[in-house]
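Here is the structure we will look at.
The values are calculated or read from the model by the stated rules, or taken from the named source; none is laboratory data. In this text, all values refer to a predicted model and were calculated from it rather than measured experimentally. Cβ coordinates were reconstructed from backbone atoms using ideal geometry, including for glycine residues, and neighbour counts include every protein chain displayed. With ligands, DNA and RNA removed, areas are computed over all heavy atoms of the protein, side chains included. Shrake-Rupley method; radii C 1.70, N 1.55, O 1.52, S 1.80 Å.
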Amino acid sequence: MHNEFYMKRAIELAKKGAGFVNPNPLVGAVIVKDGVIIGEGYHEKYGELHAERNAIKNCTESPKGATIYVTLEPCCHHGKTPPCTEAIIENGIKKVVIGSLDVNPLVAGKGVQILRDNGIEVETGILKDECTSLNRVFNKFILKKRPYVVMKYAMTSDGKIATDSGKSKWITCEESIKAVHVLRNELMGIMVGVSTVIADDPMLDCRLDTPHRNPVRIICDTNLRTPLYSKLVQTAGTIPTIIATSSEEKNKLSEYENKGCKIITVPRKTEGIDLNILMEKLGDFGIDGILLEGGGTLNNSALKSRIVDEVHTFIAPKIFGGSGKSPVSGIGIDDPSEAITLSPFDISKIGDDLLIKSEVKY
């Protein structure tokens, strides 16, 4: 019970780093001595001290003989900072309790072995599922070098994301809108289709009262139809903006580049650009996670391309009726047995709305 209590606290701390540590993992640490917490810390910002070193730095007394609870296996290699295993050994910590092992090949069990080789007791797997879930984005990016994609859409109780005339503001309540901005802060990129840019002229920035960052904005634009006067293009000099296109019109491309946009040329497929190749290129740029806020067309292409890892469905207690737009367009499937299956892992009430988070099962 004590192990779980302290690990839950470490998980709470780890979440505070959301939006600031990418492409590093979220990690929290708690140091306990004689039944009392004497130090806490978390990985606060990419390039700065890791959770273990922050917890040691914040100790109110010597951590010698203490137990440290950490959500992820301590690193054992030199990166932006020295190995955390060294700090644990040097400070005389006698026991390390770990939530989940690191999938990074540079660590992957090596950290545990180094600690044990130095006479430190190690216990693993405490709240393993919760700790692993913290780093869904990191784990995929490390293993596959591609971004983790979260598809988000808001719909009415009768499954509409817009009315017959295309109006969609606002389906969900203020609390749900804030939750989306939290997602924009947590994930490094945000992606939409050109039709959304033309119809809504969005900013796709993050608007929170607390410290936050703006995601890299990615426009899927096969034929380069993004208006030069759009907010995304006009603010590309201050917020990183990528246009993924199949167009090779150099003069036209240079107009966007002069505004500060980065152009990624992607081969064309039947439905538009090849989203799998785009994911590879975005991974090369170090973008580890993407919030997909596309309309029905892009959502359909993304699911058919199997790039979506997770779906966040906001459901408002409203009914539009009619033949309004669906979250996923296209001709759809013919047989219910062919449906893409979602595995819900979290269902919560946000204001008057319902939020269902699901893993995609292809």
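Here the chain carries DSSP beta bridges of which approximately 45% are antiparallel, counting only pairs with both residues inside. Amide H contacts of D288 (H built 1.01 Å from N, in plane; Pro and chain starts excluded): M188 sit under 5 Å, all sequence-distant by 5 or more or on other chains. Looking only at I219, I319, I287, which one moves most when the chain is put into a Gaussian network model with springs between Cα atoms under 10 Å? Checking each option, the largest mean-square fluctuation is seen for I319. DSSP finds beta bridges in the stretch 34-186, and of those with both partners inside it, around 0 percent are antiparallel.
For the stretch 235-362, what is the relative contact order in percent, using Cα pairs closer than 8 Å and at least 6 residues apart in sequence?
Answer for the stretch 235-362 is 19 percent.
If you sort the three axes of the alpha carbon gyration tensor as a ≥ b ≥ c, you get a/c under 1.5 for the stretch 1-124, which makes it rounded. Placing +1 on each Lys and Arg Cβ and -1 on each Asp and Glu Cβ, with no other charges, gives the stretch 241-332 a dipole about its Cα centre of roughly 320 debye. Rolling a 1.4 Å probe over the protein heavy atoms of the chain, with every protein chain left in place, gives an accessible area that is 50 percent carbon and sulfur. Reported to the nearest whole Å, the Cα centre-to-centre distance from the stretch 127-169 to the stretch 255-277 is 22. What the stretch 243-362 shows is 53 Å² of accessible area per residue, with the surface traced by a 1.4 Å probe over protein heavy atoms. Along the axis of the charge dipole computed for the stretch 79-230 (Cβ charges of +1 for Lys and Arg, -1 for Asp and Glu, origin at the Cα centre), the listed residues I198, V137, G109 are led at the positive end by I198. In a fully extended conformation the segment linking N251 and M203 would gain 14.8 nm over its present Cα-Cα distance, using 0.36 nm per residue. Cross-link pairs exceeding 32 Å between alpha carbons, from the set K45/K325; K15/K64; K178/K231; K64/K110; K178/K250: K45/K325; K178/K250. Here's how it looks for V122: its modeled amide H is under 5 Å from those of V96, which are all 5 or more places away or on a different chain.
Here the Karplus curve 6.51 cos²θ - 1.76 cosθ + 1.60, taken at θ = phi - 60°, turns the phi angles of the stretch 28-40 into couplings of x, 9, 10, 10, 10, 9, 6, x, 10, 6, 10, x, 9 Hz, with x standing for Gly and Pro.
For the stretch 36-99, the solvent-accessible area with a 1.4 angstrom probe is 42 square angstrom per residue. Our coupling estimate for the stretch 166-171, obtained by passing each phi through the Karplus curve with A = 6.51, B = -1.76, C = 1.60 and θ = phi - 60°, is x, 7, 9, 9, 10, 7 Hz, Gly and Pro reported as x. Ordering S329, L232, S358 by Cα displacement along the dipole of the stretch 228-362 toward the positive end leaves L232 in first place; charges were set at the Cβ atoms of Lys, Arg (+1) and Asp, Glu (-1).
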